[in-house]
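*Asks:* There's a structure below that I have some questions on.
Just so it is clear, none of the values below were taken in a lab; they were calculated from the coordinates. Because the structure is predicted, anything quoted here is derived from the model rather than measured. Neighbour counts are summed over all protein chains in view; Cβ atoms, including those assigned to glycine, are modelled from backbone coordinates with ideal geometry.
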Amino acid sequence: MTLARGYKALLEAAEREIVTVPAPEAAALHGDAEVLFVDLRDRRELEREGRIPGAFHCPRGMLEFWIDPDSPYHKPVFAEPRRFLFYCASGWRSALAAQTAQQMGLPGVAHVGGGFTAWREAGGPTEPVAPR
Ligand SMILES: O=S(=O)([O-])[S-]
């Protein structure tokens, strides 16, 4: 099967359009009240790996619906005048998500290059997430 655009092409296009914040720089932004870290991973990943303290959990599948104020699923946090720093496990989902959010018009979006893996390697703080 040959796809018109595979995941590598999608990621390359996204990376050209979005802002990528390297994990060490992202770690330096942790605790800044203007910056909201948005965790796009699945709940099971959070429970297994932990998360960035204070991160807002938005499963990737709900992103567009939580951002859009016209959606019945809208989350007011996305209407706040914050910088939104998306992250996932390794930076792929967050790149595509940041591109989509940017295309929707959400201001101040960027993503953490290398995701939670790079965050941990950079010595960023983490906290456990209890299973439900
Ligand atoms: O989280 S991911 O970058 O592996 S899609």
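*Asks:* Eigenvalues of the Cα gyration tensor times 5, then square-rooted: what semi-axes does that give for the stretch 78-132, in whole angstrom, largest first?
*Replies:* 22, 14, 11
*Asks:* Relative contact order for the chain: what is it in percent, counting Cα pairs under 8 Å that are at least 6 residues apart?
*Replies:* 35 percent
*Asks:* Hey, what do the phi angles of the stretch 89-95 turn into as Karplus ³J(HN,Hα) couplings, whole Hz, using 6.51/-1.76/1.60 and θ = phi - 60°, x for Gly and Pro?
*Replies:* Once rounded to whole Hz, the list reads 6, 10, x, 7, 4, 5, 5.
*Asks:* So how do ASP39, ASP68 line up by other beta-carbon neighbours within 10 Å, fewest first?
*Replies:* ASP68, ASP39
*Asks:* For the stretch 45-97, state which GluC sites (Glu not before Pro) are in a DSSP loop and have at most 16 other beta carbons lying within 10 Å of their beta carbon.
*Replies:* none
*Asks:* Cα centroid distance between the stretch 94-132 and the stretch 16-80, in Å?
*Replies:* Their Cα centres are 6 Å away from one another.
*Asks:* Let me ask you something else. Cα atoms only: what Rg and Dmax, in Å, come out for the stretch 11-60?
*Replies:* 12.5, 32
*Asks:* To continue, here is another question. Scan around PHE56 for amide H atoms under 5 Å from its own, H built in the peptide plane at 1.01 Å from N, and keep only partners 5 or more places away or cross-chain.
*Replies:* Amide H neighbours of PHE56: PHE37, VAL38, ASP39.
*Asks:* Using unit Cβ charges (K, R positive; D, E negative) and no other charged atoms, how large, in debye to the nearest 20, is the dipole of the chain about its Cα centre?
*Replies:* Details: 15 positive and 17 negative charges, 74 e Å.
Dipole of the chain, to the nearest 20 debye: 360 debye.
*Asks:* Calculate I(q)/I(0) for the stretch 20-121 by the Debye formula, one identical point scatterer on each C-alpha and no solvent, and give its log10 at q = 0.12, 0.14, 0.17 Å⁻¹ to two decimals.
*Replies:* One equal scatterer on each Cα of the stretch 20-121 leads to -0.33, -0.46, -0.68.
*Asks:* Looking only at the stretch 85-118, which residues have a backbone nitrogen under 18 Å from a spot 7 Å from the Cα of SER71 in the C-beta direction?
*Replies:* Residues 85-88, 93-111 fall inside that zone.
*Asks:* Considering only the chain, what is the antiparallel percent among its DSSP beta bridges, to the nearest 5?
*Replies:* Here the share of antiparallel DSSP bridges comes out near 5 percent.
*Asks:* Here's another thing I want to ask about it. Could you go through the stretch 36-50 in sequence order and give the Karplus-derived ³J(HN,Hα) for each residue, using 6.51 cos²θ - 1.76 cosθ + 1.60 with θ = phi - 60°, rounded to whole Hz, and x for Gly and Pro?
*Replies:* Using θ = phi - 60°, the values come out as 10, 7, 10, 8, 9, 6, 6, 3, 4, 5, 4, 5, 7, 10, x Hz.
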